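The values are calculated or read from the model by the stated rules, or taken from the named source; none is laboratory data. A quick note: this is a predicted structure, and the numbers were derived from the prediction, not measured. Every residue, glycine as well, gets a Cβ built from its backbone with ideal geometry; the counts of neighbours run over all protein chains shown. Calculation scope for accessible area: heavy atoms of the full protein, side chains included, ligands and nucleic acids excluded. Shrake-Rupley method; radii C 1.70, N 1.55, O 1.52, S 1.80 Å.
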Amino acid sequence: MSNGHDHHDGNDDHELRVSKIRDGTVIDHVHGGQALNVLAILGIDGTNGEEVSVGMNVPSDRLARKDIVKVEGRELSQDEVDVLSLIAPDATINIVRDFDVVEKHRVERPDVVESVLSCPNPGCITTGDEPVTSRFSVLEDGVRCSYCETIVRDEIASLIDT
Amino acid sequence: MRHDHLITSKQLSRADIETVLDYAAEIDADPSAVADRHAGTVLGLLFFEPSTRTKMSFETAMKRLGGDIVDMGSVESSSVTKGETLADTVRVIEGYADALVLRHPKQGSATMASEFVDVPLVNAGDGAGHHPSQTLLDLYTIRENAGLDDLTIGIMGDLKYGRTVHSLAYALTNFDTRQHFISPESLQLPREVVYDLHQQQDGTGIREHDALEEVLPSLDVLYVTRIQRERFPDENEYQKVAGEYQIDAETLEAASDDLTVMHPLPRVDEIAPEIDETDHAAYFEQAHNGVPIRMALLDLLLSDDAGIRGDGDE
């Protein structure tokens with residue numbers, strides 16, 4: 001492995017549509033269509049001049065269609081990776097330094113995520129003015145509010161407290 | 001039983017439940033034996049929603065244990081109107097009382113409040129969530145009338161918003177029960193509750209129906225709740241279903257002679273008054289059971305000995 005390109009899917013032609021990065025993070029094997037949500041989780045909307053490359057719905061052996069997000073000059077924190085895992089459970093995180101992948105690992109779903117999602121239940125105590133941090137336990141197929149116990153399986157990205 | 005707080009019936013094991021029920025039966029038989037057990041103890045009542053039975057039975061229970069209560073009073077007359085958070089309120093009242101009872105319209109309020117206090121806190125209803133002390137008196141009544149194993153129970157009415165239903169359903173999974181949930185489609189059990197029941201009891205003892213007739217003859221207990229008019233977006237929708245979930249003497253002709261009919265009260269018109277005088281009716285007995293159950297519960301939560309009489313002080 002010598003650069004930020006993906007060799008697992010044998011789709012180098014497709015990969016080359018997305019430029020290489022010098023230092024930063026390549027988030028690969030994101031489910032097709034989730035790339036913009038990945039950017040939302042990372043708080044990237046382009047207004048701060050971040051250098052970002054996005055490939056959407058490129059062919060993938062593992063996922064059929066996948067998205068790729070390459071972020072120049074930024075290495076993801078564990079908290080960010082934890083939340084990322086909720087919408088991109090098969091994602092691979094590649095840390096790139098001087099064009100070399102120095103770390104590569106799959107995301108792992110945490111047991112709990114705190115302070116990153118807002119409960120969609122308007123009757124939940126966390127939706128008021130209480131001094132409480134949102135907390136969700138992570139289920140096999142969704143997340144569950146630790147206070148009102150509401151389960152969310154779809155549209156988890158829409159709960160991201162950005 | 002060793003819990004700092006009682007937030008949900010999910011935290012109660014069969015042994016916990018039996019401990020409370022057995023002790024409540026002892027208290028029921030001889031309340032004078034515990035009359036001074038908690039002299040000098042103060043219970044804080046924080047009711048952010050109207051309540052009659054729950055609030056008064058906790059108050060009665062504490063006084064019969066020799067203790068006293070401090071009552072926040074109505075929301076309108078409290079600091080809530082000044083914008084005080086629940087977290088602040090419970091932290092303040094914790095300084096006045098040895099235990100707290102909380103009712104609040106928001107789901108998860110008791111869980112959150114318990115994170116801010118060290119004294120025992122009992123959830124007396126958190127929105128559409130849980131009401132575990134009601135469940136204990138429900139189980140006590142069921143045990144007295146029909147037993148708690150090899151039991152077929154129908155739970156009918158507003159299952160979506162009915163916190164008493166959610167708590168009871170969870171607790172019953174500790175026993176050999178078959179639970180039939182009868183409601184209009186719009187008021188079915190929340191999917192979260194169904195998910196939990198399937199997790200706890202692999203789903204084999206759980207069935208959902210829209211008509212009582214399908215299951216009535218097989219029931220040992222029929223637990224009726226009020227279908228709340230205010231839950232329906234329009235009156236026509238309410239009228240369509242309300243009549244289907246009312247029971248009278250004619251309805252019960254198809255039931256077993258031993259059927260026990262329960263209701264957490266208040267009722268409006270879901271149980272006809274003609275049933276009150278029959279052997280089926282257990283709802284007033286059910287309400288009365290709130291006092292010995294809450295005496296037993298408060299004693300357990302307030303006693304340092306982790307048991308009812310664990311240090312042999314009786």
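No other residue among B:Leu219, B:Leu212 is crowded, with 20+ Cβ neighbours inside 10 Å and over 22 Å from B:Leu148 (Cβ atoms) apart from B:Leu212. Taking each residue of region B:23-45 that is of a type in the set (Asp, Glu) and looking for partners that are assigned to a loop (DSSP other than H, G, I, E, B) with beta-carbon atoms closer than 7 Å, six or more apart or interchain, yields B:Asp36/B:Gly66.
For region B:92-103, the condition of being open to solvent by less than 30 Å² (accessible area, probe 1.4 Å), closer than 30 Å to B:Phe175 by Cα and within 14 Å of another protein chain (Cβ to nearest Cβ) holds for at least one residue. When B:His5 is tested against (1) within 17 Å of the chain's Cα centre (by Cα); (2) without any contact (Cβ under 8 Å) to a residue 60 or more places away in the chain, only condition (2) is not met.
B:Glu185 - would you say it is surrounded by fewer than 21 Cβ atoms within 10 Å (Cβ to Cβ), acidic (Asp, Glu) and away from every other protein chain (no Cβ under 14 Å)? It is true that B:Glu185 is surrounded by fewer than 21 Cβ atoms within 10 Å (Cβ to Cβ), acidic (Asp, Glu) and away from every other protein chain (no Cβ under 14 Å). For region B:257-313, the set of residues classified as surrounded by fewer than 17 Cβ atoms within 10 Å (Cβ to Cβ), at pLDDT 95 or above and small (Gly, Ala, Ser) consists of B:Ala272 only. Please verify whether B:Ala15 is in contact (Cβ under 8 Å) with a residue 24 or more places away in the chain, farther than 17 Å from B:His131 by Cα and open to solvent by 30 Å² or more (accessible area, probe 1.4 Å), treating the condition exactly as stated. So B:Ala15 fails the test. Residues that are within 22 Å of B:Gly129 (Cβ to Cβ) and more than 8 Å from chain B (Cβ to nearest Cβ) were ranked within region A:134-146; the one that is most open to solvent (accessible area, probe 1.4 Å) is A:Arg135.
Restricting the first member to region A:109-133 and to residues that are touching a residue at least 60 places away in the same chain (Cβ under 8 Å) and facing chain B (nearest Cβ under 7 Å), and the second to residues that are open to solvent by less than 70 Å² (accessible area, probe 1.4 Å) and in a loop (DSSP other than H, G, I, E, B), no beta-carbon pair is closer than 7 Å while six or more apart or on different chains. Taken over region A:117-133, the criterion of being small (Gly, Ala, Ser) and closer than 11 Å to A:Leu159 by Cα is satisfied by A:Ser118 alone.
Against the numbered list (1) within 10 Å of chain A (Cβ to nearest Cβ); (2) open to solvent by 20 Å² or more (accessible area, probe 1.4 Å), B:Ser109 comes up short only at (2).
Within region B:112-146, restricting attention to residues that are away from every other protein chain (no Cβ under 14 Å) and open to solvent by 10 Å² or more (accessible area, probe 1.4 Å), the residue that is nearest to the chain's Cα centre (by Cα) is B:Gln134. The set of residues from region A:147-162 being in a loop (DSSP other than H, G, I, E, B) and either aromatic (Phe, Trp, Tyr) or more than 7 Å from chain B (Cβ to nearest Cβ) (or both) comprises A:Tyr147, A:Arg153, A:Asp154, A:Glu155, A:Asp161, A:Thr162.
Considering region B:116-212, the qualifying helices (runs of 4 or more DSSP H), each wholly inside and each with 3 or more residues that are free of Cβ contacts under 8 Å to residues at least 40 places away in the same chain and under 26 Å from A:Val132 (Cβ atoms), run over B:191-201. For the criterion of being out of contact with any strand residue (DSSP E or B) (no Cβ under 8 Å at 6 or more places or on another chain), among the polar types (S, T, N, Q) and under 24 Å from B:Asp196 (Cα atoms), A:Thr150 fails.
The set of residues in region A:93-120 that are among the hydrophobic types (A, V, I, L, M, F, W, C) and either more than 22 Å from B:Glu192 (Cα to Cα) or at pLDDT 95 or above (or both) comprises A:Ile93, A:Ile95, A:Val96, A:Phe99, A:Val101, A:Val102, A:Val107, A:Cys119. Within the option set A:Val58, A:Val71, A:Val38, A:Val83, being among the β-branched types (Val, Ile, Thr), closer than 26 Å to B:Glu115 by Cβ, away from every other protein chain (no Cβ under 14 Å) and open to solvent by less than 30 Å² (accessible area, probe 1.4 Å) holds for one residue only, A:Val83. Just so you know, in region B:19-52 the residues that are polar (S, T, N, Q) and assigned to a helix (DSSP H, G or I) include one that is surrounded by the most Cβ atoms within 10 Å (Cβ to Cβ), and it is B:Thr19.
Considering region B:236-275, and only residues there that are among the charged types (D, E, K, R) and part of a helix (DSSP H, G or I), the residue that is nearest to B:Thr225 (Cα to Cα) turns out to be B:Glu244.
Here is the figure for region B:65-88: residues that are β-branched (Val, Ile, Thr), open to solvent by 40 Å² or more (accessible area, probe 1.4 Å) and modelled with pLDDT of 95 or more total 1.
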